[in-house]
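Report on the following structure.
The values are calculated or read from the model by the stated rules, or taken from the named source; none is laboratory data. None of the values given here were measured: they were computed from a predicted structure. Don't worry about glycine lacking a Cβ; one is built from the backbone with ideal geometry, like all the others, and counts go over all protein chains shown. Side chains included, ligands, DNA and RNA excluded: accessible areas come from the protein's heavy atoms. Shrake-Rupley method; radii C 1.70, N 1.55, O 1.52, S 1.80 Å.
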Amino acid sequence: TVEICNYYNINPYALKSQGMLLIVARDTEGILNKLTEREIPCRIIGEFTDNNDRIVINEDEIRHLDKIKQDEIYKLI
């Protein structure tokens, strides 16, 4: 997904996530273990903090997450 988005200059964070489930939980390790046991792909993608900042950290890049106006895929259509 990232490589395709880079090629077309599309923001991968602004794509629809059909078929995905976002889980918010305290016991992240327990949930990851249960899903992995059932061969369901999963990973931790973020965490809650004490402030309202919406920050995306991707390796060395740190930026604020902006509100999405429309799905980025429509740039290709």
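Which value, in Å² rounded to 10, gives the accessible area of Asp27 with a 1.4 Å probe and all protein chains present?
Asp27 exposes around 90 Å² with every protein chain in place.
For the modelled label position 7 Å from the Cα of Lys75 along Cα-to-Cβ, which residues of the stretch 7-27 have backbone nitrogen atoms closer than 20 Å?
Under 20 Å, as judged by backbone N against the label point of Lys75, lie 7-18 of the stretch 7-27.
Lys67: net charge of surrounding residues, Cβ under 14 Å, Lys/Arg +1, Asp/Glu -1, itself excluded?
Local charge sum for Lys67: -1.
By the scheme Lys and Arg +1, Asp and Glu -1, what is the net charge of all other residues having a beta-carbon under 13 Å from that of Val2?
-4
Report the chymotrypsin sites (Phe, Trp or Tyr not before Pro) located in the stretch 1-68 that are in a DSSP loop and have at most 12 other Cβ atoms inside 10 Å of their Cβ, or state none. Before the final figure, lay out each step's value.
Values: sites: Tyr7, Tyr8, Tyr13, Phe48; in loops: Phe48.
Answer by residue number: Phe48.
For the chain, what number results from the quotient of the Cα radius of gyration and 2.2 N^0.38 Å?
Working it through for the chain, the quotient is 1.31.
Expressed as an acute angle from 0 to 90° and rounded to the nearest 10, what is the orientation of the C-alpha long axis of helix 28-37 relative to the principal long axis of the chain?
90
Amide H to amide H under 5 Å from Val56: which residues, 5+ apart in sequence or cross-chain, H placed 1.01 Å off N in plane?
Arg63, His64, Leu65
Computed FRET efficiency, Cβ-Cβ of Tyr7 and Leu65, R0 25 Å: what is it to the nearest 0.05?
Efficiency computed from Cβ-Cβ geometry: 0.65.
Using a 1.4 angstrom probe with every protein chain in place, what is the largest-first accessible-area order of Cys42, Cys5?
Numbers: Cys42 50, Cys5 5 Å².
From most accessible down to least: Cys42, Cys5.
I'd like the trypsin sites (Lys or Arg not before Pro) in the stretch 2-77 restricted to DSSP loop residues with at most 12 other Cβ atoms within 10 Å, sorted by number. Before the final figure, lay out the partial values.
Details: sites: Lys16, Arg26, Lys34, Arg38, Arg43, Arg54, Arg63, Lys67, Lys69, Lys75; in loops: Lys16, Arg26, Arg38, Arg43, Arg54, Lys67, Lys69.
Qualifying residues, ordered by number: Lys16, Arg26, Arg38, Arg43, Arg54, Lys67, Lys69.
By accessible area of protein heavy atoms, probe 1.4 Å, what ranking do Leu76, Leu21 get, highest first?
Leu21, Leu76
With a sphere of radius 14 Å drawn around the Cβ of Ala14, what net charge do the other residues whose Cβ falls strictly inside it have (Lys, Arg +1; Asp, Glu -1)?
Computed value for this residue: +3.
Using DSSP to define loop residues, name the GluC sites (Glu not before Pro) in the stretch 1-44 whose beta-carbon has at most 16 other beta-carbon atoms within 10 Å.
Here the GluC sites (Glu not before Pro) that fit, given the DSSP loop and packing criteria, are Glu39.
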